[in-house]
Amino acid sequence: WVEQDPKEILNSVYECVERTCEKMKELNIDIANIRAIGVTNQRETTVVWDKTTGEPLYNAIVWLDLRTQSTVERLLKRIPGKNKTFSKFKTGLPLSTYFSAVKLRWLLDNVEEIKKAVEDGRAMFGTIDSWLIWSLTGGTNGGIHCTDVTNASRTMLFNIHSLEWDPELCKFFEIPMEILPNVRSSSEIYGVMVCFPIFESGALTGVPISGCLGDQHAALVGQMCFQDGQAKNTYGTGCFLLCNTGQKSVFSDHGLLTTIAYKMGKDKPAFYALEGSVAIAGAVVRWLRDNLGIAKTSLEVEKLAAEVGTSYGCYFVPAFSGLYAPYWEPSARGIICGLTQFTNKNHIAFAALEAVCFQTREILDAMNKDCGIPLSQLQVDGGMTNNKILMQLQSDILCIPVVKPSMAETTALGAAMAAGAAEGVEVWSLNPGDLTAVTCERFEPQINPEESEYRYARWKKAVMKSMGWEASASTNGKPK
C-alpha cells in the first residue's frame, strides 16, 4: 500500500511558493515579475475530497500502490476472454493496478465516507494536479475543478481521440461522471491564485495558473521533444521513456502505452506519445539504502558500484510492484540471482544500477519495434542522471550515446514552458525555431556490443524467473 496525505502535498506547495519568493527577494528579483504558474505532478495518484469542506476524504492512493490487484481481477472477470487490453484503442492503456479508475473503484468500494459523499453530491475526484489547482484557485470558495488532457489520459476513463470522458468506461467502472474534473488543454489559463492566510506575503495573489502537465509529459516538453520521433527518458522513482508520435496515436504491439503527449492551447491539436513505464528505478537505490542499509546515502551506492565496476554475474530484478512495461505482470516480485560466495554489497549495488539500465533497454527495444525508426541517441533527465556511473552504464547497455542537459530538472521546466506560452500570458513561444539549444553532457558507449548483448540476455533470463511469484490477490494484502 502506498499512500500520501493530500494536505501535506498542498502544504509543501504553499511552502515552496513562500520560500521561492523569499529567495527571489534575496536575489533582488521583483516577484511582480512572476507572470504565470505551471503545475506538474506524479500521474495516476488518486484523491477524493469534499467540495463543501475542502477536506480530503481519504489519503491519496499513489500510482505504484498494489492494493487494487483484487479489484483488477474482479473487473477482468466481467470482460469477455479476460482481455486486459479491452480498452486499448480508446484509452491507450491496459487494465492494471497502475491507473486511476481502479484506485477510484477501490475507494468507492472500501471507504464509507467517500460512498456517502458521492451519494450526497459532495465528492470531487482528481489526480494531484486537480487537487492542487482546485485548492490554489480558491477551494471551497470558487475553486476550479479541472485537469489537463495528459493527466486525464492516465485515468482509463478518458477517450484519447475524442478528448472527452468516456461514458461507456465510466459505466464499466461504475464511476459517476459528475465527480470528474473538466478536461482542459495543457497550456491555458485555468484560474488565478487566491490569497491564503497561510501565505504570509500574499505574494502570488492574482497570478494565473496556466500550465498543467503530468510529470513525464512535462519532461518531454522540457527536453524540447516537439518533433515526431524524438524521445526522452526520465529517471525518478520509476523510469519513463516517452517518444513523440506527432498528431497520430500509435498503438503498440510490444507492451507500451499510448498516451497524450501534450496539447498546447485550447485550439491547438493534441500530440501523442508512446510510453514505456518502469515502476522501480530510483526506488531501488532507496531500497538498498533504507531497507538493506548497505549505504547511508544514494551517492554511497554509486561509490560502492564504482569500486567493483562489475556485478560479477549477479543480476537484480527490482519487480517490487510487479513488472510494468513491456510485461504488465502484477504477479512478479523482486529477485537477486547469480549469487556466489564471492558476491558482496558492491556487486549488488552495481547490479541494482544495471537493472535500471536493462529495464530501459527493454523499453527502448519495444519502442524501436513499434516506431520502426531506431533512436540514434537517448535524451535523459531526472534526479538519478547525476549518477555518472549509471549514465555510462546506460550508454554501454543501449550501445548508443546518452545525452543529459546541464539542467536535469526538465519536468519543472516543461511545466513552466507550458505556463508561459499560454494564451493571455505569452511570455515566450514554443515554436521549435524560437527555442535555444541547451548545453548537454554526452556519454558514449565504451564496451563492445557482444559483451552488452551477453549481459542483457542473462538479465532477461532473470526476469523470467521473477514472474508468477504471487499466486493471487489474497496473499497480496497489507503487510501485517
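The values are calculated or read from the model by the stated rules, or taken from the named source; none is laboratory data. In this text the structure is predicted, and so the values were computed from the model without any measurement. For neighbour counting, all protein chains shown are included, and Cβ atoms are generated from backbone atoms with ideal geometry for every residue, glycine included. Side chains included, ligands, DNA and RNA excluded: accessible areas come from the protein's heavy atoms. Shrake-Rupley method; radii C 1.70, N 1.55, O 1.52, S 1.80 Å.
Could you please give the count of residues in the range 74-88 that are touching a residue at least 12 places away in the same chain (Cβ under 8 Å) and in contact with a Pro (Cβ under 9 Å, 6 or more places away or on another chain)? Talk me through it step by step, then tell me what you get.
Keep residues of the range 74-88 that are touching a residue at least 12 places away in the same chain (Cβ under 8 Å), which gives 75-76, 78-79, 84, 87-88.
Then drop every residue that is not in contact with a Pro (Cβ under 9 Å, 6 or more places away or on another chain), which leaves 84, 87-88.
Counting residues in the range 74-88 that are touching a residue at least 12 places away in the same chain (Cβ under 8 Å) and in contact with a Pro (Cβ under 9 Å, 6 or more places away or on another chain) gives 3.
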Legend entry - Filter result for Thr140 (among the hydroxyl-bearing types (Ser, Thr, Tyr) and assigned to a loop (DSSP other than H, G, I, E, B)): yes
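Could you look through the range 118-147, keep only residues that are more than 25 Å from Leu213 (Cβ to Cβ) and in contact (Cβ under 8 Å) with a residue 24 or more places away in the chain, and pick out the one that is surrounded by the fewest Cβ atoms within 10 Å (Cβ to Cβ)?
Step one: filter the range 118-147 for residues more than 25 Å from Leu213 (Cβ to Cβ), giving 118-123, 140-141.
Subsequent filtering for residues that are in contact (Cβ under 8 Å) with a residue 24 or more places away in the chain retains 118, 121-123, 140-141.
Details: Val118: 20, Gly121: 11, Arg122: 17, Ala123: 22, Thr140: 14, Asn141: 8.
The qualifying residue surrounded by the fewest Cβ atoms within 10 Å (Cβ to Cβ) is Asn141.
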Inset, instruction - Just give me the residues in the range 258-276 being closer than 12 Å to Leu430 by Cβ and either polar (S, T, N, Q) or in a strand (DSSP E or B) (or both), in sequence order. - result: Tyr262, Phe271
Inset, instruction - Please work out which one of (1) farther than 29 Å from Ile348 by Cα; (2) surrounded by fewer than 24 Cβ atoms within 10 Å (Cβ to Cβ); (3) modelled with pLDDT of 95 or more is the condition Gln230 fails and give its number. - result: (3)
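Test of understanding: among Ala218, Ala283, Ala295, which residue is over 23 Å from Ser87 (Cβ atoms), out of contact with any Cys (no Cβ under 7 Å at 6 or more places or on another chain), not assigned by the TED database to the domain that holds Ile348 and not in a strand (DSSP E or B)?
Numbers: Ala283 fails: not assigned by the TED database to the domain that holds Ile348; Ala295 fails: not assigned by the TED database to the domain that holds Ile348.
On inspection, the qualifying residue turns out to be Ala218.
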Inset, instruction - Inspect the range 316-334 for any residue being within 21 Å of Phe240 (Cβ to Cβ), modelled with pLDDT of 95 or more, touching a helix residue (DSSP H, G or I) at 6+ places or on another chain (Cβ under 8 Å) and open to solvent by 10 Å² or more (accessible area, probe 1.4 Å) and give the result as yes or no. - result: yes
Inset, instruction - Select from the range 379-390 the residues that are touching a helix residue (DSSP H, G or I) at 6+ places or on another chain (Cβ under 6 Å) and aliphatic (A, V, I, L, M) and write down the one among them that is least open to solvent (accessible area, probe 1.4 Å). - result: Leu390
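Here is a yes/no grid of residues against (1) among the hydroxyl-bearing types (Ser, Thr, Tyr); (2) open to solvent by 40 Å² or more (accessible area, probe 1.4 Å); (3) closer than 26 Å to Leu64 by Cα:
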residue: Leu108; (1), (2), (3): no, no, yes
residue: Val111; (1), (2), (3): no, no, yes
residue: Lys116; (1), (2), (3): no, yes, no
residue: Val149; (1), (2), (3): no, no, yes
residue: Ala203; (1), (2), (3): no, no, no
Inset, instruction - Sort through Met177, Met156 and tell me the only one that's assigned by the TED database to the domain that holds Val13, buried (at least 21 other Cβ atoms within 10 Å of the Cβ) and in contact with a helix residue (DSSP H, G or I) (Cβ under 9 Å, 6 or more places away or on another chain). - result: Met156
Legend entry - Subset of the range 303-330 (residues that are among the aliphatic types (A, V, I, L, M) and either not in a loop (DSSP other than H, G, I, E, B) or not assigned by the TED database to the domain that holds Lys345 (or both)): Leu304, Ala305, Ala306, Val308, Val317, Leu323
Legend entry - Selection count, the range 74-106, where residues are outside any helix (DSSP H, G or I), open to solvent by 10 Å² or more (accessible area, probe 1.4 Å) and touching a strand residue (DSSP E or B) at 6+ places or on another chain (Cβ under 7 Å): 0
Legend entry - Some residue of the range 412-421 being touching a His at 6+ places or on another chain (Cβ under 8 Å) and open to solvent by less than 80 Å² (accessible area, probe 1.4 Å): yes
